[in-house]
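Student: One structure, pasted below without further comment.
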Amino acid sequence: MDKKWVKREFMYFGEAQTVLDDKGRITVSRRFRETMNVMGHAIWYLTRGYDGAIFLFPKEVWDSIRAQAGQHPVMDAQAIDFRRMFYGSVGEARPDNQGRILVPQHLREFAGLEKEAVLLGVDDHLELWNRERWRAFQKSKEDQYKQMASDLFVPKEGTVGTIESASSV
């Protein structure tokens with residue numbers, strides 16, 4: 001079975017506005033906290049993402065990523081560089097009773113976070129963005145959105161499957 005269609009019991013989705021407090025914490029939206037609580041996602045790993053975002057992975061997803069990354073040869077130069085960038089910036093977090101997560105200083109600097117931020121649900125993980133950077137990213141991808149969907153979901157010659165058949169997996 002194609003790994004990208006593996007069915008999960010949970011999904012994070014949507015966009016939630018948040019702000020960093022004076023201690024560098026964000027407050028997670030109620031909807032995201034409900035999913036966290038139902039799924040028992042008490043431990044989170046924050047690391048550098050792409051395009052200036054911070055990735056937030058629940059422990060079970062983090063463990064899967066570690067297992068996949070560990071399959072690459074230890075002396076592979078690209079794997080070494082990836083591990084340095086990815087693991088070298090990791091911070092562990094546990095939401096407090098008010099649903100706040102402390103974002104490490106080095107990640108706040110990486111993402112350009114000062115006050116206003118956006119927390120995105122991206123299926124099995126969350127992403128934290130500087131609000132202005134997120135809006136600029138969306139705008140930069142608007143013209144490509146239709147093509148991205150076509151590339152991902154329209155069957156190519158010699159393949160089978162559609163969104164409908166994938167969702168029934």
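Student: Answer yes or no as to whether Ser89 is touching a Ser or Thr at 6+ places or on another chain (Cβ under 7 Å) and either exposed (fewer than 12 other Cβ atoms within 10 Å of the Cβ) or assigned to a loop (DSSP other than H, G, I, E, B) (or both).
Tutor: Yes; evaluated as a whole, the condition is true for this residue.
Student: Condition first: over 14 Å from the mean Cα position of the chain (by Cα), surrounded by 15 or more Cβ atoms within 10 Å (Cβ to Cβ) and modelled with pLDDT under 95. Can you find one or more residues in segment 51-70 that meet it?
Tutor: Looking through segment 51-70, none of the residues is over 14 Å from the mean Cα position of the chain (by Cα), surrounded by 15 or more Cβ atoms within 10 Å (Cβ to Cβ) and modelled with pLDDT under 95.
Student: Of (1) in a loop (DSSP other than H, G, I, E, B); (2) closer than 30 Å to Gly24 by Cα, Glu157 satisfies all except one. Which?
Tutor: (2)
Student: Among the numbered criteria (1) out of contact with any strand residue (DSSP E or B) (no Cβ under 8 Å at 6 or more places or on another chain); (2) modelled with pLDDT of 90 or more, which single criterion is violated by Arg31?
Tutor: (1)
Student: Specify the residue that is farthest from the chain's Cα centre (by Cα); the eligible residues are those in segment 122-136 that are surrounded by fewer than 20 Cβ atoms within 10 Å (Cβ to Cβ), assigned to a strand (DSSP E or B) and not aliphatic (A, V, I, L, M).
Tutor: Per the criteria, the residue is Asp123.
Student: Ok, one more. Given the conditions (1) in a loop (DSSP other than H, G, I, E, B); (2) touching a residue at least 60 places away in the same chain (Cβ under 8 Å); (3) surrounded by 12 or more Cβ atoms within 10 Å (Cβ to Cβ), and given that Gln98 satisfies all but one, which numbered condition is not satisfied?
Tutor: (3)
Student: List the pairs whose first member sits in segment 126-152 and is more than 23 Å from Arg31 (Cα to Cα), whose second member is loosely packed, with under 10 Cβ neighbours inside 10 Å, and whose Cβ atoms are under 6 Å apart, counting only residues at least 6 apart or on separate chains?
Tutor: Here the result reads none, with nothing in segment 126-152 linked to a residue that is loosely packed, with under 10 Cβ neighbours inside 10 Å.
The values are calculated or read from the model by the stated rules, or taken from the named source; none is laboratory data. Just so it is clear, the structure is predicted and the values come from calculations on it, not from any experiment. Counting neighbours? That spans all protein chains shown, and the Cβs are built from the backbone with ideal geometry, glycine included.
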